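Before any comments, here is the structure.
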Amino acid sequence: MPDTYDTLRSILNSSFRIPEDEIAPDLTLGQLDLDSLALTELVLILHERFGVKIDSAYASPSTTVAQVVDHLDTLRAGDTGAVASP
C-alpha cells in the first residue's frame, strides 16, 4: 500500500491542489472536496498512471483514500474479485 498511497497522494496534490499533509487514508474523496467532475478526472488519471480501469464505485464521494488504494492494489495484482464494495 505505501507506494500506491504515496502515488495517489502525489496525484491528489499535483492535479487537485490538495496539500499532502491534509490527505489521510481514512478521509473520503468528498471530504477532500472532489466533486463529480474531479472524480471523473481522477479515474482517468489513475487509469493512465496505473494502467487499470477503476470501478466507478471506487471513485465516489463516500470512498476513502484507503479504499481507492486497496482497489488499485487489487486491480494491479490481477485479482478483481477480492475487494468488497465500498
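The values are calculated or read from the model by the stated rules, or taken from the named source; none is laboratory data. Keep in mind that this is a model prediction, so the values were computed, not measured. Please note: Cβ atoms are built from the backbone with ideal geometry, for glycine as well, and neighbour counts cover all protein chains shown. Heads up: the accessible areas ignore ligands, DNA and RNA and are worked out on the full protein's heavy atoms, side chains in. Shrake-Rupley method; radii C 1.70, N 1.55, O 1.52, S 1.80 Å.
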(request) Go through the stretch 54-66 and count every residue that is part of a loop (DSSP other than H, G, I, E, B) and surrounded by 12 or more Cβ atoms within 10 Å (Cβ to Cβ). (result) 6
(request) Output the number of residues of the stretch 8-52 satisfying the condition of being closer than 16 Å to Gln67 by Cβ and either assigned to a loop (DSSP other than H, G, I, E, B) or open to solvent by less than 40 Å² (accessible area, probe 1.4 Å) (or both). (result) 20
